[in-house]
Amino acid sequence: MRESGFMIITGFSAPRALVFAAGLGVAGLGLPAAAAPVAGFAMTSYVLLGVDGARIARVITPEAACPSVIADGRPLAMTSRAHAETIPQRATISAVTDSKPSVFDGRVCEAVLPASVKTASVGGRNLPLPPMVIRRIVVIGDTGCRIKILDKASQDCNDPRAYPFAQVAASAARWKPELVVHVGDFLYRENACAPGNAGCAGTPWGYGADAWRADFFGPAAPLLTAAPLALARGNHESCVRAGQGWWRYLDPQAYVPGRDCNEAVHDVVGDFTDPYAVPLGDHAQLIFFDSSDAPSKPLAEDDIRAARYRDAYAKIAALTAGAPHSILVNHHPVFGFAAKADKATGQPTLSPGNAGLQSVFGAMGPRYLPAGIDLSLAGHIHVWEALSFSSDHPAQIIAGFSGTQEDIVPLPATLPADATPAKGAVVKAFSSWVDGFGFMTMERRGDDAWDVEVHDVAGAVVNRCRIRGRDVVCDLAQVPSRH
């Protein structure tokens, strides 16, 4: 894999902005791609699409006061969403000795841009605004560098070949998307790199601002300037993990005490948000669903999470009335396969979709998702794969392959004839690409029609698919001939 084609300089030189050396190999500047400086936040700006497609300008700034957005030539005040602070250590997924307080060293500011605004900038930098009809979408997912003691995982964050998210982002930005969809799991540097491990030596860790810079805002910088973001929350952004930063930086909804993941007693609130729709124009929309706390085992009917997901199902169903064609975006795939090694034989065996969501949604109806959902986009499984069904189930695409350490056991070259990701779901088409990291693009061809390309790190196309309603057909087919 090639080295990244850009560098991020986060020093506080005037005008305190990120500086991009576009097209200049970082090796030529004497720094390896993944070891660029990660000092305190310079001014970082981006646009989120929120409820009903609201365009939210966000800025992270080292200054004490929020800047103004220049909207169609006129200043628009930004309000302070969160101030710089150190949040006391709380219970996390890791042992107390492997956790620490979260230090957030920048102020987060925001402003909702009126629908009439055609151009906007902040700090002299243009903000990317979506067109009325969105036709070009980049999809990425599972992008952070995995350092987790519980899993004995230690990805080489300092090696751009082992952790290539910076180059993935640069390649995806060159495709000129009109929207960037992230299917969740932004921050993986949960624990300190083990002493003597050169692959991740010196990397920030924990859930504070430095880890967020290293895992997302630094490497994703080209995408932040290329297009607005529409984001799903992953299990790595649950309250016992990076939920504090998720609420500060990336959730499009209000940041309020008790929903900020700062105190474990409030996690039952902080781990759930209502679904919302992002219109794409021309009779289509994305519906975002927060599945960050979904377990891998079935939920008891009286589990609070089951109640929350039943409520979410009803709200998703109501949102589908907003457009004839809806695409669900969440982190955990309701359908889809992961591969594990059989303990006795060592041979790969297939695991079906998320059992926690299936146990709740399956009780709502045999389709598992409301009738208005044609397609579901997810991550969590660190591969790219696509499925569609001859039964009445929406298609599923998984795009969890953009930077995080890949799954150890790859999916099989051919899908077994009796394989199903959920009870009653009959697979008609299946395709996967398990040979590396990359990103996915979706180009609109009609109300419910998209052409999909799967790209490797450098941007080369490795698979092509066509989405037509609930059908996904790919050039690389892996389904037995009986289908």
- Looking only at lysines whose Cα falls under 28 Å of K176's and that sit 8 or more positions away or on another chain, we get K118
- Message: At 0.36 nm per residue, and after removing the present C-alpha to C-alpha distance, how many nm does the segment from S116 to V269 gain when stretched out fully?
- Response: 51.7 nm
- Note on the structure: Once T79 and S390 are pulled to full extension, the length gained, defined as 0.36 nm per residue separation minus their Cα-Cα distance, is 107.0 nm
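So for K423, K152, K428, fewest C-beta neighbours within 10 Å to most, what's the order? Present the calculation step by step, with values, prior to reporting the outcome.
On the way: K423 10, K152 7, K428 18.
Lowest count first: K152, K423, K428.
Just subtract the alpha-carbon distance of D475 and E443 from 0.36 nm times their residue separation and send over the number in nm, one decimal.
Values: separation 32, 0.36 × 32 = 11.52 nm, distance 1.62 nm.
Computed gain between D475 and E443 is 9.9 nm.
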- Query: If the cut-off is a Cα-Cα distance under 19 Å, which aspartates and glutamates reach K340, setting aside same-chain residues fewer than 8 apart in sequence?
  - Reply: D142, D151, E385, E406, D407, D418, D435
- With a Förster radius of 60 Å, plug the Cβ-Cβ distance of R135 and K297 into 1/(1 + (r/R0)^6) and report the FRET value to the nearest 0.05. 0.90
- Task: Run through the DSSP bridge list for the chain and note the antiparallel percent, rounded to the nearest 5.
- Result: 75
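Read-outs throughout are calculated quantities, based only on the coordinates presented, and are distinct from any laboratory measurement. Source: prediction; values computed, not measured. With ideal geometry, Cβ positions are generated from the backbone for all residues, glycine too; neighbour counts draw on all protein chains shown.
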